[in-house]
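Everything on this sheet refers to the single structure shown next.
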Amino acid sequence: MQNVFESVGEKTIEHLDYVGSLNIQWWATLRAMLHSLPFVGNRYRWRAAVRQMLEIGVDAMSMVSLMSICTGFIFAMQGASELGRFGALRYVVDLVAVGFTRELGPLMTAIAVSGRSGSAFAAEIGTMKVTEEIDSLRVMALEPIEFVLAPKYLAALIAVPCLSVVANVCGILAGALFMFFSIRLTPVLYVRYVFEAIDLRDVVLGLIKSVVFGTIIAQVGCLEGFRVHGGPDSVGRSTTSAVVKSTFLVIVADAIFTAIFYFTGKH
Amino acid sequence: MPIISVRGLVVEYDGRRVLNELNLDIERGETMVLLGGSGCGKSTLLRQIIGLERPKSGSIHVNGTDITRCSKSDLKKMHRSIGVAFQSAALFNSLNVEDNVALPLREHTRLADSVIELVVWFKLAAVGLADHGKLFPQELSGGMKKRAAVARALALGPEILVLDEPSAGLDPIVAAELDELILLLKGA
């Protein structure tokens, strides 16, 4: 029995330590991020941030678009099969539009970015740690958080919400195609229904979620990289861990957000 | 007054003592070579001297500053006066050789790009890599990587140059060339 308590206690302390490390790293990144901003910061950091934006955002756009189109179709078809029984096919538009702007757009994007970029952050920083590049930065009087993490975080804060908007548009567009081919609903009428279904608050809340998801992905990915010890095999483990932990935390954060909005009467 | 003074240095990893009451003085202008078997703590001592790790006890004075007790900002100041070339060269793979050498100059000086270019060329020429500045680390041989790391360590004109196993893994000819280069740099 004592062993069970010891094991539970040990795991709890481990998780608290992890969350604490994430918070410390996050605050340090926020302070360091000033140097990555254009005009007021270091131009080399801003260039690095732009490069990261291209990698996180532009390079992932086709993947996120395709995922959203497929999900949009699935969502519309599943919705139509149920709502059609009640003669409420028109509400498939509401289902797709609200579903994507509030939930699916930011969530699909976060899962895609977590798999692509979160793992890449962990692998890159982990490799830098193994090859003494992080130590090399320190002895050059450069802060690894400022030099490596801050541009990635800034890029994620900008690229993830942008990708979410793309995901929303693609998902809703897929719904439009389905509605056109199933009940010949014209695109103009579809767009009108979409604007009736969603309001600005839905879009803003979706974007806020994206910013939080981007924070989780960048911070978890980089922390896993910084925690690499030993040889190249631990880089592989940290990469897997980055994807698993960031996806899990994104879903937990989404559930918390949705519960807060629901119970505070926003939705 | 020695430029580096180590007194009663004790370093332990997980209760295992690696360095025990170590004392060491290095005078300005002196070239000190640490020789010892694998795992005897050479790299550990270097990591302590450059402030990457904190010891269990003892003191390390670099240029009069006790780096085991100084603040983070003092440690950063100290780092600007030290050039370090790691065992693995530790060049940034995303940057070419020129950018690797230019990095400390871009970060710590307000020199114009044209001046930085000139300084980089000069440093690369000093280590015999003037024609290889556009190559990326993965395109370099082991010896070239080490020389590029030395060039980067020299970029800010440091008072102290720390080289961790500069000739490890190199063939005898290249290793001898690198040794000669280090002696040449000391003379310069």
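Would you check which residues across the range B:74-97 are more than 10 Å from chain A (Cβ to nearest Cβ) and surrounded by fewer than 22 Cβ atoms within 10 Å (Cβ to Cβ) and list them?
Within the range B:74-97, B:Asp74, B:Leu95, B:Asn96 qualify.
Collect the residues in the range A:75-132 that are of a type in the set (Lys, Arg) and surrounded by fewer than 17 Cβ atoms within 10 Å (Cβ to Cβ), keeping them in residue-number order.
If the condition is that a residue be of a type in the set (Lys, Arg) and surrounded by fewer than 17 Cβ atoms within 10 Å (Cβ to Cβ), then A:Arg85, A:Arg90 are the ones that fit.
Is it true that some residue in the range B:141-148 is among the basic types (Lys, Arg), away from chain A (no Cβ under 14 Å) and either under 18 Å from A:Ala141 (Cβ atoms) or buried (at least 22 other Cβ atoms within 10 Å of the Cβ) (or both)?
yes
Among the listed residues B:Glu107, B:Glu53, B:Glu165, identify the single one that is more than 16 Å from the chain's Cα centre (by Cα) and either part of a strand (DSSP E or B) or among the acidic types (Asp, Glu) (or both).
On inspection, the qualifying residue turns out to be B:Glu107.
So, in the range A:242-253, how many residues would count as being surrounded by 21 or more Cβ atoms within 10 Å (Cβ to Cβ) and of a type in the set (Gly, Ala, Ser)?
Qualifying residue count, the range A:242-253: 2.
Can you name the residue in the range B:147-156 that is farther than 13 Å from B:Met78 by Cα and not charged (D, E, K, R) and is also nearest to the chain's Cα centre (by Cα) among such residues?
Among them, the one singled out is B:Ala153.
If you take the residues of the range B:98-133 that are surrounded by 21 or more Cβ atoms within 10 Å (Cβ to Cβ) and within 8 Å of chain A (Cβ to nearest Cβ), which of them is farthest from B:Ala155 (Cα to Cα)?
Looking at residues that are surrounded by 21 or more Cβ atoms within 10 Å (Cβ to Cβ) and within 8 Å of chain A (Cβ to nearest Cβ), I get B:Leu103.
State all residues of the range B:21-35 that are within 15 Å of B:Val6 (Cβ to Cβ), in a loop (DSSP other than H, G, I, E, B) and not aliphatic (A, V, I, L, M); if no residue qualifies, say none.
Within the range B:21-35, B:Glu27, B:Glu30 meet the criteria.
Is the range A:3-20 home to any residue that is modelled with pLDDT of 90 or more and within 14 Å of chain B (Cβ to nearest Cβ)?
Among the residues of the range A:3-20, not one is modelled with pLDDT of 90 or more and within 14 Å of chain B (Cβ to nearest Cβ), which makes the answer no.
Which one is surrounded by the most Cβ atoms within 10 Å (Cβ to Cβ), of the residues in the range A:197-213 that are over 20 Å from A:Gly57 (Cα atoms) and free of Cβ contacts under 8 Å to residues at least 12 places away in the same chain?
Only one residue tops the list, namely A:Asp199.
Considering the range A:31-61 alone, what residues qualify as being at pLDDT 90 or above and of a type in the set (Lys, Arg)?
A:Arg31, A:Arg51
It is to be established whether one or more residues within the range B:81-94 are among the hydrophobic types (A, V, I, L, M, F, W, C) and either in a helix (DSSP H, G or I) or more than 28 Å from A:Lys129 (Cβ to Cβ) (or both).
Taking every residue of the range B:81-94 in turn, none turns out to be among the hydrophobic types (A, V, I, L, M, F, W, C) and either in a helix (DSSP H, G or I) or more than 28 Å from A:Lys129 (Cβ to Cβ) (or both).
So B:Ala149 ticks every box in (1) without any contact (Cβ under 8 Å) to a residue 40 or more places away in the chain; (2) assigned to a helix (DSSP H, G or I) but one. Which box is left unticked?
Status for B:Ala149: all satisfied but (1).
Could you grab me the full set of residues in the range A:133-159 that are of a type in the set (A, V, I, L, M), away from every other protein chain (no Cβ under 14 Å) and crowded, with 24+ Cβ neighbours inside 10 Å?
The answer is A:Leu149, A:Leu154, A:Ala155, A:Ala156, A:Ala159.
For the range A:140-193, name all the residues that are assigned to a loop (DSSP other than H, G, I, E, B) and in contact (Cβ under 8 Å) with a residue 60 or more places away in the chain.
Within the range A:140-193, A:Glu143, A:Leu185 meet the criteria.
Under the condition of being among the hydrophobic types (A, V, I, L, M, F, W, C) and out of contact with any Asp or Glu (no Cβ under 9 Å at 6 or more places or on another chain), which residue from the range A:109-122 is nearest to the other protein chains (Cβ to nearest Cβ)?
A:Val113
Here's the yes/no breakdown for (1) at pLDDT below 95; (2) in contact with a Cys (Cβ under 7 Å, 6 or more places away or on another chain); (3) within 19 Å of A:Glu55 (Cα to Cα); (4) β-branched (Val, Ile, Thr):
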residue	(1), (2), (3), (4)
A:Ile183	yes, no, no, yes
A:Arg201	yes, no, no, no
A:Leu205	yes, no, no, no
A:Phe213	no, no, yes, no
A:Glu224	no, no, no, no
A:Ser238	yes, no, no, no
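Can you tell me how many residues in the range B:43-70 are among the small types (Gly, Ala, Ser) and within 13 Å of chain A (Cβ to nearest Cβ)?
Here the count works out to 2.
Here is a list of conditions, (1) in a loop (DSSP other than H, G, I, E, B); (2) in contact with a Pro (Cβ under 9 Å, 6 or more places away or on another chain), and B:Gly39 meets all of them except one; can you say which number that is?
(2) is the only condition that B:Gly39 fails.
Name the pairs whose Cβ atoms lie under 6 Å apart, with the first residue in the range B:92-115 and among the polar types (S, T, N, Q), the second modelled with pLDDT of 90 or more, and 6 or more positions between them or separate chains?
The qualifying pairs are B:Asn93/B:Pro137; B:Asn96/B:Lys134; B:Asn96/B:Phe136; B:Asn100/B:Leu91; B:Asn100/B:Phe92; B:Asn100/B:Arg152.
Could you pull out the residue among A:Ala60, A:Ala28, A:Ala88 that is touching a residue at least 24 places away in the same chain (Cβ under 8 Å) and over 19 Å from the mean Cα position of the chain (by Cα)?
Matching residue, one of A:Ala60, A:Ala28, A:Ala88: A:Ala28.
The values are calculated or read from the model by the stated rules, or taken from the named source; none is laboratory data. Since this is a predicted model, take the numbers as computed values, not measurements. Reconstructed Cβ throughout: ideal geometry from the backbone, glycine too, with neighbour counts over all protein chains shown.
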